[in-house]
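Structure, as structure tokens:
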Amino acid sequence: MDQIVVTGGQRLNGTIKISGAKNAALPLMIASLLSEEPLVLENVPDLADVNSLIRILTNHGVDHRVDGKRRGQMDMDGRTIHFSAQEIVDTVAPYELVAKMRASFWVIGPLLARMHEAKVSLPGGCAIGTRPVDLFIASLEAMGADITVDAGYVIAKASGGLKGAEYEFPKVSVGATHVAMMAATLASGQTVLKNAAREPEVVDLATCLTSMGARISGAGTSTIVINGVEKLHGARHRVLPDRIETGTYAMAVAMTGGEVLLKGAEPGLLQEVLDVLTKAGVAIEPVNEGIRVSRNGANLKAIDIVTDPYPGFPTDLQAQFMALMTKADGVSSIQETIFENRFMHVQELARLGANISLDGQNAKITGVSELTGAPVMATDLRASVSLVIAGLAATGKTTVSRVYHLDRGFERLEQKLSGCGAQIERISS
């Protein structure tokens with residue numbers, strides 16, 4: 001099993017190319033199931049989760065082709081992938097495929113909308129809370145689907161097709177919003193989704209679906225209106241830049257010091273995070289090429305945050321921010337409101353010398369003058385990169401095990417960081 005070894009103490013200087021967003025690419029890929037015509041996605045990141053989803057889509061009959069590099073393209077440039085779901089050959093998403101990644105469950109929406117049936121295994125993914133699928137099921141039932149759960153599978157049928165409906169999510173859910181919105185594009189009549197997720201990835205999916213012929217308004221607000229159409233056509237769409245990757249590398253620079261251009265980053269996608277970093281003493285400068293992040297000598301200030309759905313502070317950056325606050329002057333606090341089990345990285349950060357205490361969904365971080373390298377173990381995708389960030393600022397060597405979590409969501413992490421002066425390498429065992 002691979003490990004990542006970090007020798008800390010190096011400032012980061014240079015340029016990091018921000019990849020396409022994993023959390024946008026996955027639902028966009030699944031949207032290819034809605035049309036017989038090809039969907040071409042640009043700026044697709046090369047990640048384990050993306051490749052797992054390709055295998056799942058292939059199982060349903062989706063063909064794909066990856067464009068080769070054009071002259072002048074760099075290794076860090078995203079891929080262009082053509083998806084063609086001309087014929088759906090299987091409406092079953094089996095356990096052995098779905099269990100590897102939670103987002104693969106989302107195929108239930110397009111399959112049900114286009115084929116009027118689907119049998120999808122209950123999902124897997126990071127162990128960061130229960131994250132039940134009841135919101136997905138309830139929204140589809142509101143559109144007329146008949147759904148049962150049997151032997152670990154969700155079995156959905158909609159004889160005659162889905163019908164437009166009004167549905168209010170009892171809690172904000174990005175995944176459930178994706179699924180309901182995709183399903184509603186082919187439903188007869190109008191669907192109104194209330195208390196919908198407002199994340200940029202939802203807007204990106206709506207933009208793509210609209211280019212495929214869907215009639216959607218209100219994406220980016222809490223009320224999304226979809227007027228169903230008979231069929232969707234092909235389109236070409238570019239995946240937006242990854243705001244979680246952007247925030248992660250911004251925090252790495254903030255923790256180590258130095259100056260890095262996050263090329264291709266869009267400030268508007270994570271303004272709350274940039275505002276928090278500015279309050280902590282980090283220099284943030286939006287430029288034409290992206291975002292320039294620097295910290296040259298000034299101490300970090302302790303800042304309190306609460307994770308919230310967009311446009312609040314994202315839960316996917318909570319672990320990284322906790323790592324940053326371990327080196328801040330004073331005491332900071334983090335309240336996690338999204339997932340009930342997302343502090344698993346605390347004990348691993350403590351192995352590096354962090355001073356963190358927990359009280360339910362609240363963490364108190366008392367800054368320390370020095371972190372010390374140690375062997376640590378990744379527990380989930382975002383927690384794993386928080387340990388890398390901490391290792392960059394620690395004295396000595398930090399060895400991170402179970403890095404397959406990292407490969408699910410961070411493209412070429414070692415190359416991007418080493419290109420800015422970090423001493424980081426992957427060890428294959």
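Computed over every Cα-Cα pair of region 309-429 and binned at 10 Å starting from 0, the pair-distance distribution P(r) comes out as 13, 47, 33, 7, 0 percent. Would you list which aspartates and glutamates come within 16 Å of residue 231, measuring only between C-alpha atoms, while excluding same-chain residues fewer than 8 positions from it? Those aspartates and glutamates meeting the cut-off are 36, 37, 87. Footprinting exposure proxy ranking of 89, 172, fewest other C-beta atoms within 10 angstrom first, gives 89, 172.
Near residue 60, within a Cβ-to-Cβ distance under 15 Å, what is the net charge of the other residues, with Lys and Arg +1 and Asp and Glu -1? Don't skip to the answer; put the middle values down first.
Values: positive: 55, 114, 119; negative: 36, 63, 87, 90, 96, 117.
Neighbourhood net charge equals -3.
Determine the alpha carbon to alpha carbon distance for each of 171/364; 327/364; 301/364 and list only those over 18 Å. If you can, show how the numbers build up before the last one.
Numbers: 171/364 27 Å; 327/364 13 Å; 301/364 14 Å.
Beyond 18 Å: 171/364.
Quick one: order 210, 177 by neighbouring beta-carbon count within 10 Å, fewest to most. Don't skip to the end; give the middle numbers.
Working: 210 17, 177 28.
Least to most surrounded, the residues fall as 210, 177.
Shape of the chain from its Cα gyration tensor (a ≥ b ≥ c, root eigenvalues): rounded if a/c is under 1.5, otherwise prolate when a/b > b/c, or oblate?
Numbers: a/c = 1.89, a/b = 1.70, b/c = 1.11.
Since a/c reaches 1.5 and a/b is larger than b/c, the shape of the chain is classed as prolate.
Per the Kirkwood treatment, what hydrodynamic radius in Å, one decimal, follows for region 12-119 from the mean inverse distance over all distinct Cα pairs?
Details: mean 1/r = 0.0685 Å⁻¹.
Hydrodynamic radius (Kirkwood, Cα only) of region 12-119 equals 14.6 Å.
Counted over all Cα-Cα pairs of region 22-238, pairs farther apart than 32 Å make up 10 percent.
Give the longest segment of the chain that steers clear of GluC sites (Glu not before Pro) in DSSP loops with at most 14 neighbouring Cβ atoms within 10 Å, not counting the sites themselves.
Working: sites that count: 36, 87, 230, 289, 340, 370.
Here the longest run is 88-229.
Listing 428, 384, 84, 139 from fewest to most neighbouring C-beta atoms within 10 Å gives 428, 84, 139, 384. Since only 347, 224, 112 are under comparison, the one whose Cα sits farthest along the positive direction of the charge dipole of the chain, derived from C-beta charges on Lys, Arg, Asp and Glu, is 347.
Every number in this text was worked out from the coordinates using simple rules, so none of it is lab data. Computed from a predicted structure; not experimentally measured. Counting neighbours? That spans all protein chains shown, and the Cβs are built from the backbone with ideal geometry, glycine included.
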